[in-house]
1. So, in the range 113-141, how many residues would count as being at pLDDT 95 or above and either small (G, A, S) or closer than 19 Å to F274 by Cβ (or both)?
2. Which residues, taken from the range 134-159, are assigned to a helix (DSSP H, G or I) and of a type in the set (K, R)?
3. Return the pairs, sorted by first residue and then second, in which the second residue is among the polar types (S, T, N, Q) and not in a helix (DSSP H, G or I), the first residue lies in the range 259-272 and is buried (at least 17 other Cβ atoms within 10 Å of the Cβ), the beta carbons are less than 9 Å apart, and the residues are 6+ apart or on different chains.
4. Could you list, in sequence order, all residues of the range 160-171 that are buried (at least 18 other Cβ atoms within 10 Å of the Cβ) and either without any contact (Cβ under 8 Å) to a residue 12 or more places away in the chain or in a helix (DSSP H, G or I) (or both)?
5. Taking K232 as the residue in question, decide whether it is within 22 Å of F274 (Cβ to Cβ) and in the same structural domain as I309 (by TED's automatic domain parsing).
6. Filter the range 188-207 for residues that are free of Cβ contacts under 8 Å to residues at least 12 places away in the same chain and out of contact with any helix residue (DSSP H, G or I) (no Cβ under 7 Å at 6 or more places or on another chain) and give the result.
7. Could you please find all residues in the range 200-214 being loosely packed, with under 15 Cβ neighbours inside 10 Å and within 28 Å of E158 (Cα to Cα)?
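The values are calculated or read from the model by the stated rules, or taken from the named source; none is laboratory data. What you see is a predicted model, and the numbers here were worked out from it, not measured in a lab. Note: ideal-geometry Cβ built from the backbone for every residue, glycine included; neighbour counts use all protein chains shown.
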Amino acid sequence: MFFLAADIPLCAATHLWHLLKVPQKKRHKAPRGGAAEQRRRQPRPDYGGGPTPLFDDTSSPGDPAYNQNQPQGGGAFYGGMAGQQILTDPMANMAMQYGSSLATQGKDVMEKHIDRFISISKLKYYFAVDTTYVGKKLMLLLFPYMHSNWSIRYNKEEPVAPRYEINAPDLYIPVMAFVTYILVAGYCLGTQNSFTPELLGMQASSALVWLILEIVVITMAMYILSVATDIKTFDLLAFCGYKYVGMIGILLGGMLFGSMGYYLALAWCSASMFFFLLRTLRLVILPDASHDMGGSGGNKGRTYLVLAIAVLQPVFMCWLTRHLIPNQN
């Protein structure tokens, strides 16, 4: 009876030990072949028919690096992550800053070098025009005979802007007239079945070269004659560029009315340009406008210079338009 009572606790203890020992063996049992064998047994990922990558991802789902590097938002996450990496990349930011500073330096250098030859602030004065000024100035260039007051108003020793003074020279009308003249010249060449891009380029280059040569000759003549005047190079460029307005009228007259229209328009526009420059340059180049233009002394050379500039304009107007009208060669 004693032995039977003693065997009951012993059997219970043995049974409890077996229950605890068997799960412990299963919990600590390592897979055969180690971690490398387990990675090799994992199925290869399916790449959807695309090119197989050069290296497979050997990180396991339990690896912290795997969970850290895995995207959580699908394909859209890749694009956002790439953009954020570019924006936060120090080298990219450095490149952007360097490019910005390089562009700023280039702009400063360009403005600095341009200002050596051309004063931007002074050049803006010649383009300070409006629609009213352009209309009145075109009428003055084509019909100058009724105009009486040719003087230029000044404000604190500076000439008034062209939009407020019709007698002030501007560069807007000459530039627009030059471009329009090239377009009309191309149309005239087209009506003669002789239009080519090269021929139109030669026409534009020829007109520009003659204008530059004209400015150079006038400047040298003023230097040789020791003409001390306030007239500037831009002023000469404006006065000599006004002839393109008359040249457009001459070409239109020739296209619409043939040879007779060409000669009538040439005579009218040449006389108008001669009269306009004579009255305008008389107050600019001559020191005393109240004296007669045929006076003696230093005024005589200045008078000849004014006459030469005024006479040259009709010559160039005929030279640059005659070959563009049929039966004028």
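1. 6
2. Within the range 134-159, K136, K137 meet the criteria.
3. Y262/T321; Y262/Q328; L266/T321
4. P162
5. No, not satisfied.
6. Hits for the range 188-207 are G190, N193, S194, T196, P197, E198, G201, M202, S205.
7. I212, the sole residue that qualifies.
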